[in-house]
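Structure first, then comments.
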Amino acid sequence: MLLIKVGGGKEINWDGIARDISYLLSREKIVLVHGASYYRDELARRLSIPIKTVVSPSGISSVYTDQQLLEALLMAYAGLVNKKIVARLQKEGVRAVGLSGVDGELWQAKAKKEILAREGDRVVLLKNNLTGRVEEINTELINLLVENNYLPVICSPAISFEKEIVNTDNDWAIAVMAEKLKIKKLVVLFEKPGLLENPDDESTLVPWLEKEKIADYLPLARDRMKKKILGAKRAIEGGVEVIFWGDGQIENPVLNALEGKGTVIS
């Protein structure tokens, strides 16, 4: 089984991804996870919902999620973007089924209602945070779909163990999914060619990483890339053997990633 995770940027080539998935489904089972951060942010802007980015004491950035932003996330992820992706895949003959992590308790998360964040030289405690870290996966539901030749198309949010909807980190969620589903191969697509030594220079692509040393590359990463590295580390610890990071903007994004034209972690 192949797990594909696609970022939520504006320039992602969903036409190419849909064609690649249609081609690959004749050879192996696939589970697809997607983001929608660009569309969430655009919707929040149109609704005058503020977006607050916070940085943890360890330097990891994330979005502080209150009730208003969670509602915008639900509209963008589980509504607008998920259904557009499902429809696009169906044009290629793929039997796609769209689900959020809430549906069928697909992604169960430990809620993090309080988080520590840097504010200048201080570290402060932020309360009423509606996020969580995925810990359990409804593998029965995923296997039911896959074994009947459906493609699960999954997105945030998740459901907490207290049955509250929470925002969650997709890179961590796919790592837990891979472990629970015993998946050995991941493809992760975003709006860069792969890991760059200099994030501003695409000619500095790192073509291969030794999986046991993935955490050594945290200093090279900025913003969301830090979470991708931490998610990759978690996936490897859970049994994943190879991860392909590739450019989601190019023609045939999935096939190119699988051919090693981005960054391969093995």
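Worth a mention:
- Selection status of ARG27, over 20 Å from the mean Cα position of the chain (by Cα), without any contact (Cβ under 8 Å) to a residue 60 or more places away in the chain and within 25 Å of GLY246 (Cα to Cα): yes
- Of all the listed residues (ALA235, ALA215), the sole one being without any contact (Cβ under 8 Å) to a residue 24 or more places away in the chain and farther than 17 Å from LYS192 by Cα is ALA215.
- Options SER266, SER203, SER160, SER156: the member that is farther than 23 Å from LEU25 by Cβ and under 15 Å from the mean Cα position of the chain (by Cα): SER156
- ASN148 being open to solvent by 40 Å² or more (accessible area, probe 1.4 Å) and at pLDDT below 95: no
- Residues that are under 19 Å from the mean Cα position of the chain (by Cα) and of a type in the set (A, V, I, L, M) were ranked within the stretch 116-140; the one that is farthest from GLY104 (Cα to Cα) is LEU130.
- Residue count for the stretch 30-41, restricted to those that are in contact (Cβ under 8 Å) with a residue 12 or more places away in the chain and open to solvent by 50 Å² or more (accessible area, probe 1.4 Å): 2
- Evaluated against (1) modelled with pLDDT of 95 or more; (2) among the small types (Gly, Ala, Ser); (3) out of contact with any helix residue (DSSP H, G or I) (no Cβ under 9 Å at 6 or more places or on another chain); (4) open to solvent by 40 Å² or more (accessible area, probe 1.4 Å), GLY93 falls short on exactly one condition, (3).
- Which listed residue is farther than 22 Å from PRO57 by Cα and touching a residue at least 40 places away in the same chain (Cβ under 8 Å), from LEU116, LEU151, LEU196, LEU144: LEU151
- The set of residues in the stretch 223-248 being open to solvent by 40 Å² or more (accessible area, probe 1.4 Å) and within 16 Å of the chain's Cα centre (by Cα) consists of ASP223, ARG224, LYS226, LEU230, LYS233, ARG234.
- Residue satisfying all of: in the stretch 45-57; more than 15 Å from ASN167 (Cα to Cα) and not hydroxyl-bearing (Ser, Thr, Tyr); most open to solvent (accessible area, probe 1.4 Å) among these: ARG46
The values are calculated or read from the model by the stated rules, or taken from the named source; none is laboratory data. Bear in mind the structure is a predicted one, so any value in this text is a computation, not a measurement. Don't worry about glycine lacking a Cβ; one is built from the backbone with ideal geometry, like all the others, and counts go over all protein chains shown. These area figures cover heavy atoms from the full protein model, side chains too; ligands, DNA and RNA do not enter into them. Shrake-Rupley method; radii C 1.70, N 1.55, O 1.52, S 1.80 Å.
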